[in-house]
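Student: Take a look at the following structure, please.
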Amino acid sequence: ALEESRLYAETRAREQEATKLYGVTRQLATSLDRDRVLDLIVTQTIELTGCEASGIYVYDRERGGLVFGRGLNLDPELTRALFLKPGEGVGGRAFQERRPVWTRDRTAEPDLGYSPTTRVLIEAKSPRAFVAVPIMSRDEVHGVLMEYFFTPHDFTAREIQLVSTLADHAALAFENVRLLEETRRREQEASTLSRGLALLNRATRALQRTLEVDRMLVGALDE
């Protein structure tokens, strides 16, 4: 009877989890605003996994590393100042190696590969346990999704799989946003080209209306 009760409770929990995940998927699929996507991911990571804090770090091409994008329940100084190079710490390793990376307790793992400046910040402001999962689409890694606990925590395979699923959905949402931005950019370019051609046509007609050089030049300059 105890075993049946346990199995029933586990099945119910999985059903509720699947329902919540489906709802998140629908929201992400219909959102084409980057900030909205980031907010959805960090809030739903906490709700679905039961973690105590979450954050998304996005790759900054100009700086060549990960910077804070969005998060909940994290120290503002940490999110404002943290910068991770590829391969640095848990988040940098997840980004570089393209796989989930985690630590049960960062204080028990002093050699996580942080730079001296970052190590000081992590030791003073970061939670104790965290997992990082890369957010990837095609061959591009957009950043990493992280979940945190303020005390040591043993991450289960199911928990890591759930965070990975959220990261996959985030990658699809980012790709949709990128495609929309690309479409808008091309529409703007086409509109600019169309206006330019119309302007050139008017200038050509203005030049054809006169044979006087001075009037020709003035008309061309006006157009």
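Student: Could you tell me which numbered condition E182 fails, if it satisfies all but one of (1) touching a residue at least 24 places away in the same chain (Cβ under 8 Å); (2) over 16 Å from the mean Cα position of the chain (by Cα); (3) open to solvent by less than 70 Å² (accessible area, probe 1.4 Å)?
Tutor: Condition (1) is where E182 drops out.
Student: Moving to a separate point now. Quick check on this structure: which one of V218, V163, V213, V133 is in contact with a Pro (Cβ under 6 Å, 6 or more places away or on another chain) and either of a type in the set (V, I, T) or modelled with pLDDT under 90 (or both)? Can you show your working first?
Tutor: Values: V218 fails: in contact with a Pro (Cβ under 6 Å, 6 or more places away or on another chain); V163 fails: in contact with a Pro (Cβ under 6 Å, 6 or more places away or on another chain); V213 fails: in contact with a Pro (Cβ under 6 Å, 6 or more places away or on another chain).
One residue alone meets the criteria, V133.
Student: Just checking, which of E77, E52 is charged (D, E, K, R) and more than 23 Å from R158 (Cα to Cα)?
Tutor: Going through E77, E52 in turn, just one is charged (D, E, K, R) and more than 23 Å from R158 (Cα to Cα): E77.
Student: While we're looking at this one, here's another question. Residue check, L197 against (1) within 15 Å of A94 (Cβ to Cβ); (2) hydrophobic (A, V, I, L, M, F, W, C); (3) in a helix (DSSP H, G or I), all met but one. Which one?
Tutor: Condition not satisfied by L197: (1).
Student: Before we move on, is A124 open to solvent by less than 20 Å² (accessible area, probe 1.4 Å), out of contact with any helix residue (DSSP H, G or I) (no Cβ under 6 Å at 6 or more places or on another chain) and closer than 30 Å to G89 by Cβ?
Tutor: Details: open to solvent by less than 20 Å² (accessible area, probe 1.4 Å): no; out of contact with any helix residue (DSSP H, G or I) (no Cβ under 6 Å at 6 or more places or on another chain): yes; closer than 30 Å to G89 by Cβ: yes.
Answer is no for this residue.
Student: Here is a further query. So H169 fits all but one of (1) touching a helix residue (DSSP H, G or I) at 6+ places or on another chain (Cβ under 7 Å); (2) surrounded by fewer than 19 Cβ atoms within 10 Å (Cβ to Cβ); (3) of a type outside the set (G, A, S); (4) more than 30 Å from P110 (Cβ to Cβ); what number is the exception?
Tutor: (2)
Student: Quick check on T204: is it modelled with pLDDT of 75 or more, farther than 30 Å from D33 by Cα and in a helix (DSSP H, G or I)? Can you show your working first?
Tutor: Details: modelled with pLDDT of 75 or more: yes; farther than 30 Å from D33 by Cα: yes; in a helix (DSSP H, G or I): yes.
Considered against the rule, which asks whether it is modelled with pLDDT of 75 or more, farther than 30 Å from D33 by Cα and in a helix (DSSP H, G or I), T204 comes out as yes.
Student: Enumerate the helices (runs of 4 or more DSSP H) found wholly within region 53-160, keeping only those where 2 or more residues are among the basic types (K, R) and farther than 20 Å from E175 by Cα. Spell out the reasoning first.
Tutor: Working: elements: 76-81, 89-97, 116-125.
Once the helices (runs of 4 or more DSSP H) in region 53-160 are filtered for at least 2 residues that are among the basic types (K, R) and farther than 20 Å from E175 by Cα, what remains is 116-125.
Student: Residues being surrounded by 24 or more Cβ atoms within 10 Å (Cβ to Cβ) and not aliphatic (A, V, I, L, M): count how many of those fall in region 135-147.
Tutor: Step one: filter region 135-147 for residues surrounded by 24 or more Cβ atoms within 10 Å (Cβ to Cβ), giving 135, 143-147.
Subset that is not aliphatic (A, V, I, L, M): 143, 147.
Summing the residues that are surrounded by 24 or more Cβ atoms within 10 Å (Cβ to Cβ) and not aliphatic (A, V, I, L, M) in region 135-147 gives 2.
Student: Given the options A124, A170, A206, name the one that is small (G, A, S) and farther than 26 Å from F68 by Cα. If you could, list the steps in order and put the result at the bottom.
Tutor: Working: A124 fails: farther than 26 Å from F68 by Cα; A170 fails: farther than 26 Å from F68 by Cα.
After ruling out the rest, the residue left standing is A206.
The values are calculated or read from the model by the stated rules, or taken from the named source; none is laboratory data. Model, not experiment: these values are computed from the prediction. Here Cβ is always computed from backbone atoms with ideal geometry, including for glycine, and neighbour counts include all displayed protein chains. Quick note on the areas: whole protein, heavy atoms, side chains included, nothing else; ligands and nucleic acids left out. Shrake-Rupley method; radii C 1.70, N 1.55, O 1.52, S 1.80 Å.
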